[in-house]
Structure formats: structure tokens, C-alpha cells
1. Just for the stretch 95-143: of the residues that are aromatic (Phe, Trp, Tyr) and either closer than 27 Å to Ile168 by Cβ or within 19 Å of the chain's Cα centre (by Cα) (or both), which one is modelled with the highest pLDDT?
2. Name every residue in the stretch 76-94 that is at pLDDT 85 or above, surrounded by fewer than 17 Cβ atoms within 10 Å (Cβ to Cβ) and β-branched (Val, Ile, Thr), in order of residue number.
3. When the stretch 38-54 is examined, which residues are found to be part of a helix (DSSP H, G or I) and in contact (Cβ under 8 Å) with a residue 40 or more places away in the chain?
4. Looking for something out of contact with any strand residue (DSSP E or B) (no Cβ under 9 Å at 6 or more places or on another chain), within 29 Å of Ala38 (Cβ to Cβ), at pLDDT 85 or above and of a type in the set (Lys, Arg) - is there at least one such residue anywhere in the stretch 152-165?
5. Say we look at the stretch 25-53 and pick out the residues that are small (Gly, Ala, Ser) and closer than 24 Å to Pro157 by Cβ; which of these is modelled with the lowest pLDDT?
Amino acid sequence: MSHALDDLASRPLLRHMAEYWWLVLLRGIAAVVFGLLALFMPAVAGLSLVFLWGAYTLADGIFSLWAGIVGSGASTGSRWWLAITGLLGIAAGLIAFLAPALTAGILLIFIAIWSIAIGAMAIVGAIQLRKEIEGEWFLILSGAIAILFGILMFTRPASAALAVVWMIATFAIIFGIDLILLAFKLKGYKRA
């Protein structure tokens with residue numbers, strides 16, 4: 001580990017992220033809290049989910065923007081992606097608060113279209129792979145499930161919204177745990 005610490009001078013982005021490891025930790029905690037709230041309050045899906053999601057993206061955007069612009073040592077060029085991520089998160093959060101019904105409707109439609117599209121592509125991919133692998137039916141099955149979910153989103157949006165709440169909650173919890181683990185790994189690189 002001491003060699004890794006000595007090598008930080010030649011890795012400005014890692015040095016910067018190690019210095020502000022706690023911002024990554026805050027992003028992870030925000031994601032886990034959002035995921036748990038969404039998971040244990042599924043009845044408040046609709047607009048509440050939009051507001052929870054808006055609060056999460058706003059917080060995540062602020063922390064990302066802050067991580068992208070603060071500090072010294074690393075050039076701003078190597079952190080531009082953090083600043084852009086932050087600005088996008090802030091914009092998405094503000095849109096969610098200013099136009100929640102629009103955000104909810106667009107989000108459900110986008111997820112439905114995306115689900116049908118990836119399902120169709122999975123089936124096409126499985127057909128193309130059937131001469132090269134065995135068990136392509138797994139890919140066909142996952143494609144069919146994605147298409148059915150997309151159709152459900154269009155035909156029964158309330159049921160689909162609940163499923164989306166659970167999917168987003170699960171994603172947020174896994175993503176948050178990953179960020180928390182990354183934060184503590186980055187903390188290990190920080191000079192004492």
C-alpha cells in the first residue's frame with residue numbers, strides 16, 4: 001500500500017478523489033436512503049417517487065458537481081465528467097420538482113419503450129447466437145420478459161409503476177453500496 005501512496009503524485013485524479021472520498025460516501029448514502037424509502041413505501045409511488053427521485057438526483061448532482069470543481073492538484077480537465085454529471089443531476093432534480101406529473105409520465109413512457117427495445121434486441125441477438133452457443137433460450141426468455149414488461153407499462157401503468165419503484169429502489173441500494181465501498185477504498189489512498 002505504501003508504494004500505492006507514493007505513486008499518488010503521478011495519479012492526480014486518484015489523489016483528488018481520495019482527498020474528497022467523503023463526497024463519494026455521501027452519494028452512496030443518499031442512494032441507499034433513496035432506495036430504502038422507495039422500497040418500503042411502494043404505495044406512495046406516483047408523484048412521491050418523482051419527488052424522491054428528484055431529491056436524490058439533485059443531491060447526487062450537487063455532490064458530483066462539488067467533487068468536479070473543488071480541490072487542487074488534479075487538473076480540471078481530468079474531472080470534467082464529474083462536473084457534467086453534477087449539472088445533469090441538478091437539472092433532472094429541478095425538472096422533477098417543477099414538473100412532477102410530466103416527469104412521471106415521461107419516465108414511465110421512456111422505461112416502457114426502452115424495455116420493449118432491449119427485449120427485441122435480446123431476441124434478435126439470441127437468434128444470431130443460436131449457431132454459436134447453447135442455451136440461447138435464456139436470452140430469448142429475458143427478451144420476452146422485457147417486452148412483456150414494456151407492454152405492461154403501456155397497458156397497466158399503475159402496476160408497472162409499482163414494479164418500476166421496486167426496480168429503481170433495488171438499483172439505488174446496489175449502486176449506493178457500491179459507492180460506499182468505493183469511498184472507503186478511496187479513503188485508504190488518502191495521505192494521513
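The values are calculated or read from the model by the stated rules, or taken from the named source; none is laboratory data. A quick note: this is a predicted structure, and the numbers were derived from the prediction, not measured. Cβ: placed from backbone, ideal geometry, glycine included. Neighbour counts: every protein chain shown.
1. Here is the first cut: in the stretch 95-143, the ones aromatic (Phe, Trp, Tyr) are 97, 110, 114, 137-138.
Right, trim to either closer than 27 Å to Ile168 by Cβ or within 19 Å of the chain's Cα centre (by Cα) (or both) and you get 97, 110, 114, 138.
Working: Phe97: 89, Phe110: 76, Trp114: 80, Phe138: 82.
Only one residue tops the list, namely Phe97.
2. Ile84
3. The answer is Ala38, Leu39, Pro42, Gly46, Leu47, Leu49, Val50, Phe51, Trp53, Gly54.
4. The answer is no; no qualifying residue exists.
5. Ranking the candidates gives Ala45 first.
A quick yes/no check of all residues on (1) without any contact (Cβ under 8 Å) to a residue 24 or more places away in the chain; (2) surrounded by 13 or more Cβ atoms within 10 Å (Cβ to Cβ):
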| position | (1), (2) |
| --- | --- |
| Leu65 | no, yes |
| Leu108 | no, yes |
| Ile118 | no, yes |
| Gly125 | yes, yes |
| Trp137 | yes, no |
| Gly143 | no, yes |
| Phe149 | no, yes |
| Phe154 | no, yes |
